[in-house]
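The values are calculated or read from the model by the stated rules, or taken from the named source; none is laboratory data. In this text the structure is predicted, and so the values were computed from the model without any measurement. Virtual Cβ from ideal backbone geometry, glycine too; neighbours counted across all protein chains shown. Each accessible area value is taken on the protein alone, full model and side chains, heavy atoms only, with ligands, DNA and RNA left out. Shrake-Rupley method; radii C 1.70, N 1.55, O 1.52, S 1.80 Å.
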Amino acid sequence: MRVRSRFKPNFRLFAAAMVTVVGLASEAAWAQAVVASAASPGDVLSVEVQIDGMGKLGYDVKRRGKEIIGLSRLGFNLVNAPKLDGGFSVKAQKVSEHDDTWEQPWGERRYVRNHYRELRVDLEQKNRAGRAMTVVFRIYDDGVGFRYEFPAQPQLRDTAILDELTEFAVAQPATAWWIPAGELPGLEEMVQKAPLKEIGTANTPLTLRLEDGTHVALHEAALVDYASMWVRKVEGQKLRAQLAPSSTGPAVVKHGAFTTPWRTLRIADDAAGLYMSDLELNLNEPNKLGDVSWVHPSKFVGVWWSMHLQHTSWNAGPKHGANTENVKKYIDFAAQNGFRGVLVEGWNQGWESDWGHGGADFSFTKPYPDFDLPVLAAYAKEKNVRLIGHHETGANLPAYEKQMTAAYKLYAKLGVDSVKSGYVHEAGSMQFKGADGKVHYGHYDSQEGVRHFVKAVTEAARYKIAVDTHEPVKDTGLRRTYPNWVSREGARGVEYNAWGNPVNPVDHEAKLVFTRMLSGPMDYTPGIVSLVGADGKVFNSTQAKQLANFVVIYSPIVMAADLPENYAKYPAAFKFIRDVPTDWADTRVVNGAVGEYVSIARKDRKSENWYVGAVTDGQARTLPLSLSFLDAGKQYVAEIYRDGDAADYRNEHRFDLVTEMRTVTAKDVLQLKLAPGGGQAIRFVPQ
Ligand code: NOJ
């Protein structure tokens, strides 16, 4: 028997398969006993499961023997049954190892290795008629995921969850990069940096840098039919899961057997290591859609930025952007420049009402009279271009769900094979239809919100339509299971630079990469080479940074968002935008520090070309870029798009872009000189 007190944290680590079951009858309530443990395949991370004298469950996580997550509680408070917290004993346990490599239909890299040790601990509550619960840990060298599994059992037929008691007691003083949860802008809050002990209730991914430099990102994987997990500070550096509330009852209601989403911890030496992990993707179920060759990673342009600049309008009238003649021009522009798609917003009836507060008038099948949908769809196809559909719902789910299938069918008939959906609302005011048929309001990331987003994507898949969700529920790696869920917004996009109040800060992208982007692709709408929003609002960016963003902010579908006339003004910059692909065979984060800078190298899926994007915050920097990722023995021409020597995001030199060519090999190290608020983009073409 191995017993320890809470006050003696330095307990010896257990090797992977060494597990011990202990009885606790005679121990004091505060005594902790390690009842199971396992380590990752390379012995980097280890997990111990503990039970105290009251039968309460806990776990801890160590990295190379050093505590990262100290003893943290596991369990639930239920609404309709006694709590699942305490009185637990171990019925059985098992450690197994898994190692395979799977292929992504599209992504940051083609092949993903899924190598972990799994620790399953079957528990029972003897004092509660033997209620059963299993806690499963998957321990990777670069992170840990765990979830709760409930077998079908008569003692727990219907489970109504009040609180999930899962804790994350961060063991060292840490700095956090976080956004608040449950607040009005949803996921579009500004990323804040603060000592972990000072944060409030946070959304995930929550990125932490511990005192010894270790980086940790707390998130979840496979969020399906369950409430989103927020994390609330309990005391000091201890966080507890807080389930996004339902507006009509318990946060989560389940019937019969069920599993929770995975609670995940990426753990790495540095920020770069966090981004390189595939933890959440690996924890999701494999592709359920089969052949997805109908999903096309590609770039597009859109009748979009002109609306945000208020040059054109979504609604009908003299400024209506989605008119047949205007859209034809965009289709021609796309065809001439090799863009596959043209997004058209404001094509459908219903934009006249106060749609941001209700969306009740939207039709998803009726175009405005000056927008000839069949003619434009055919015109586009003829030119090897596709219209991209748009469904702004105003977060009115009853109205949308009523029309959704007909809307997808219409698009499918016309060859429109992707749709951008939108759920503009203030958090807490998404509309749902209850079992009683009445409309109620609630959180977009509540269990019923989560259900809707998955329903919209799976229904679209039936019509071979890819979905790019704006104002979405956060990404938890479901693109593995549903590869037609190609992208999402879910953070402050470039549109904030049109609106102001305020525009995005200069360190925005260097923060996004190591926070929001850990969850999955983002439809960021990069490439505004004109660097100006509505009413002369100026971007906190040089022009070179706008190019770098195509590599730095990953999405398989990317809008070259500026107006065609602005691209005509800046042909050098536009060349990179035309050339850069959106689907990658491989990705390497060469260097990075959260909120300061990052350089990412990516290899094209369809050629031997490599691309690099580097961005900095407000500080000028020179970043060494080792080209060791290139094929040894080959020569490459590097087409470099860099900040000019006087470039600075704070003055008119923000437009100073220098293009130059160099011949390089894998042995070279380039020095990337980035201006304040600047960036650099490079295309490497083998000779
Ligand atoms: C907000 C979205 O982020 C933006 O891209 C879209 O143009 C508007 N909503 C209208 O749907």
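Figures for the structure shown
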{"item": "Net charge dipole size for the chain [Lys, Arg +1 and Asp, Glu -1 on Cβ; Debye, nearest 20]", "result": "1380"}
{"item": "Total formal charge among the other residues, if their Cβ is under 13 angstrom from that of LEU387, Lys/Arg +1 and Asp/Glu -1", "result": "+3"}
{"item": "Loop-located trypsin sites (Lys or Arg not before Pro) in region 345-454, at most 16 other Cβ atoms within 10 Å (DSSP)", "result": "LYS383, LYS438"}
{"item": "Around THR458: net Lys/Arg minus Asp/Glu count, Cβ-Cβ under 11 Å", "result": "+3"}
{"item": "Carbon and sulfur %, accessible surface of region 66-159 computed with the full protein complex present, 1.4 Å", "result": "45"}
{"item": "Cut-off 15 Å between beta-carbons: net charge of the residues surrounding THR166, Lys and Arg +1, Asp and Glu -1", "result": "+2"}
{"item": "Accessible area (Å², per residue) of the chain, counting only protein heavy atoms and a probe of 1.4 Å", "result": "35"}
{"item": "The chain - percent relative contact order, Cα under 8 Å, separation 6 or more", "result": "10"}
{"item": "Helix 397-414 vs. the chain, principal-axis angle (Cα, 0 to 90°, nearest 10)", "result": "50"}
{"item": "For the chain, calculated [θ]222 nm from helices alone, where every DSSP H run of n ≥ 4 adds -39500 (n - 2.57)", "result": "-4500 deg cm²/dmol"}
{"item": "Fraction of accessible area attributable to carbon and sulfur, region 195-283 (%, probe 1.4 Å)", "result": "47"}
{"item": "Using θ = phi - 60° and Karplus 6.51 cos²θ - 1.76 cosθ + 1.60, couplings along region 177-189 (whole Hz; Gly, Pro as x)", "result": "10, 8, 10, x, 9, x, 8, 4, x, x, 7, 9, 6"}
{"item": "Lys/Arg +1, Asp/Glu -1 at C-beta; region 535-607 dipole; positive extreme among ALA544, TRP584, TYR570", "result": "TRP584"}
{"item": "Solvent-accessible area, 1.4 Å probe, carbon plus sulfur percent, for region 311-383", "result": "53"}
{"item": "Whole-number percent relative contact order across region 242-396, with pairs defined as alpha carbons under 8 Å at least 6 apart", "result": "19"}
{"item": "Vicinal HN-Hα couplings computed from phi for region 99-104 (Karplus, 6.51 cos²θ - 1.76 cosθ + 1.60; Hz; Gly/Pro x)", "result": "8, 8, 10, 10, 9, 8"}
{"item": "Nearest 10 degrees, 0 to 90: helix 543-552 Cα axis against the chain principal axis", "result": "40"}
{"item": "Length-normalised contact order of region 350-428 in % [C-alpha pairs under 8 Å, at least 6 apart]", "result": "37"}
{"item": "Rounded if a/c under 1.5, otherwise prolate or oblate - region 285-405, Cα gyration tensor axes", "result": "oblate"}
{"item": "Viscosity 1.002 mPa s, 20 °C: Kirkwood-radius Stokes-Einstein D of the chain over Cα pairs, µm²/s", "result": "82"}
{"item": "On Cα atoms only, tilt of 373-382 relative to the major axis of the chain in degrees", "result": "80"}
